[in-house]
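Written below as C-alpha cells is the structure these notes are about.
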Amino acid sequence: MEKQNIDWGSLGFGYMPTSASYVSNYKNGAWDDGALTSDHTVTISECAGVLQYSQSVFEGLKAYETVQGKIVTFRPDLNAERMYNSAKRLEMPPFPKDRFVEAVKEVVKANDSWVPPYGSGATLYIRPYMFGSSAVIGVKPADEYQFRILTTPVGPYFKGGAKPITIKIADYDRAAPRGTGHIKAGLNYAMSLHAIVEAHKQGFAENLYPDSKTLTKVEETGGANIIFIKGNKFVTVKSPSILPSVTRRSLEYVAEHYLGMEVEEREIPLTELPEFDECGLCGTAAVISPVGCINDHGKEIKFPSGMEKMGPTIQKLYDTLTGIQMGRIEAPEGWICEIE
Ligand code: PLP
Ligand code: COI
C-alpha cells in the first residue's frame, strides 16, 4: 500500500475526506448489515431528530502505524462500550459493541494509505457517530438512525504540540449534576462553543469547568480530562459528570504499573490547584497536553513545571503511553487491536 502524498508533519487537527467511511442504518427496529461508502455526504429529512433536537452521540479514537510497520488502534472496545452508554442515555438504539469494533477495523483497513507513517507525529483520527435520521416534530426520539464512521489524518490538537498551554476557569457550566456530562453527546459540545470562542479571544487554549452545583471542584475541560502530579502521586478527578476518558483510565494504569506511582481518583477542590507540581489534559485528540498555567478570573496558578516544556513526570507518562500505542513498549493484554 502506497501512502497518500501528504505533508504529514504539518497537519493540524482538521478534517479532510479519506477513501471510505462506514455507514449502517437503523430502520424498523433493526440495524442493517452496514457497508463502506465513498460518499462523504449525508442526506436526511429536514425534520430529522438530529437537526431539531440534537439527537446525536459520537466517539473518537485513533489508528497508529507502529515501529514494526503494523496498523493498530487503541482499546476500541472501550469506545464501543461508551458509545453504547451514550446512545442509551439519549434513547437511541445502541450499535452492537462487537459490530462497532469490526466496523472500526474495516474502515481503518480501507483507509490504510491515510494512516500517517510511524514517526511523522500524525495519526489517523477515527470518528464514529450516530444520529436520529427520521423526522420528529414533537419532542421524542426518532424512529430511524444512522451510524457512521469517518476517518481523517490529524496532527496535534493544540497549536505548538507539546508546549504547555494556559487554560482558564470557565464562566459557563458544561454538565449539570444529573445531566449528560458523562456521555459523549454532541449537545455537550454545542453548548461549549460560546465558551471556547470567548476563551480563545482572551488568549486561553481551553476552559476548565468546575462542577456546576458548587463551582468549587475541578471537573474537566471542553475536550479532555485533567490530570495532576504531586510528588509520586498521579491525581485525577472522580465525578459522575465528567466523560470517562479512555486515555485517563489508561494513564492511571500506566502510572501505577509502569511508573510505580500512587494513583488517586478523587474530588479535587479548586483551592488545591496551587499544590500540584504538574498538570496536563488527556484525551484521544489531546494525547497529553501539558498545562503550565490556570487562570482563575485574573489570578494565575502557575505550575512549577513552567511554560517551556512538559514536566518530567508528565513527559514519562506521555512517552510510556505513546510508546505502548506505537509498539515501542509492550502493551497490557488487550490494549492493542491490530488491523490485518
Ligand atoms: N473529556 C471530554 C469532554 C472529551 O471530549 C474527551 C475526548 O474524547 C475526553 C474527555 C477524553 O476522552 P478519551 O480519552 O476517551 O478520548
Ligand atoms: C477526542 O479526543 O476524541 C474528542 O472527541 C475531543 C474533541 C474535542 C476533539
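Residue count for the range 196-238, restricted to those that are part of a loop (DSSP other than H, G, I, E, B), within 16 Å of ligand 1 (Cβ to nearest atom) and either within 14 Å of Leu270 (Cα to Cα) or without any contact (Cβ under 8 Å) to a residue 24 or more places away in the chain (or both): 3. Kindly check whether there is at least one residue in the range 242-256 that is away from ligand 1 (no atom under 16 Å from the Cβ) and either surrounded by 15 or more Cβ atoms within 10 Å (Cβ to Cβ) or assigned to a helix (DSSP H, G or I) (or both). Among the residues of the range 242-256, at least one is away from ligand 1 (no atom under 16 Å from the Cβ) and either surrounded by 15 or more Cβ atoms within 10 Å (Cβ to Cβ) or assigned to a helix (DSSP H, G or I) (or both), which makes the answer yes. Looking across the range 285-302 at every residue that is outside any strand (DSSP E or B) and either in contact (Cβ under 8 Å) with a residue 24 or more places away in the chain or within 16 Å of ligand 1 (Cβ to nearest atom) (or both), the one that is surrounded by the most Cβ atoms within 10 Å (Cβ to Cβ) is identified as Ala286.
Using the structure shown, decide if Pro116 is closer than 25 Å to Ile329 by Cα, in a loop (DSSP other than H, G, I, E, B) and not acidic (Asp, Glu). When the stated conditions are applied, Pro116 passes them. If I filter the range 4-33 down to residues being in contact with a Lys or Arg (Cβ under 7 Å, 6 or more places away or on another chain) and over 23 Å from Gly223 (Cβ atoms), which single residue comes out as surrounded by the fewest Cβ atoms within 10 Å (Cβ to Cβ)? Only one residue fits best here, namely Val23. Applying the condition of being part of a loop (DSSP other than H, G, I, E, B) and out of contact with any Pro (no Cβ under 9 Å at 6 or more places or on another chain) to the range 267-284 and asking which residue is farthest from ligand 1 (Cβ to nearest atom) yields Glu267.
Residues in the range 35-62 that are within 16 Å of ligand 1 (Cβ to nearest atom) and outside any loop (DSSP other than H, G, I, E, B): Ser56, Val57, Phe58, Leu61, Lys62. The conditions of being in contact with a Pro (Cβ under 8 Å, 6 or more places away or on another chain) and more than 13 Å from Ser133 (Cα to Cα) are met by Arg82. Applying the criterion of being of a type in the set (A, V, I, L, M, F, W, C) and modelled with pLDDT under 95 to the residues of the range 146-180, the residue that is surrounded by the fewest Cβ atoms within 10 Å (Cβ to Cβ) is Ala162. Could you tell me which numbered condition Gly179 fails, if it satisfies all but one of (1) assigned to a loop (DSSP other than H, G, I, E, B); (2) touching a Phe, Trp or Tyr at 6+ places or on another chain (Cβ under 6 Å)? It is condition (2) that Gly179 fails.
The values are calculated or read from the model by the stated rules, or taken from the named source; none is laboratory data. Computed from a predicted model, the values in this text were never measured in an experiment. Heads up, the Cβs are rebuilt from the backbone with ideal geometry, glycines too, and the neighbour counts pull from every protein chain shown.
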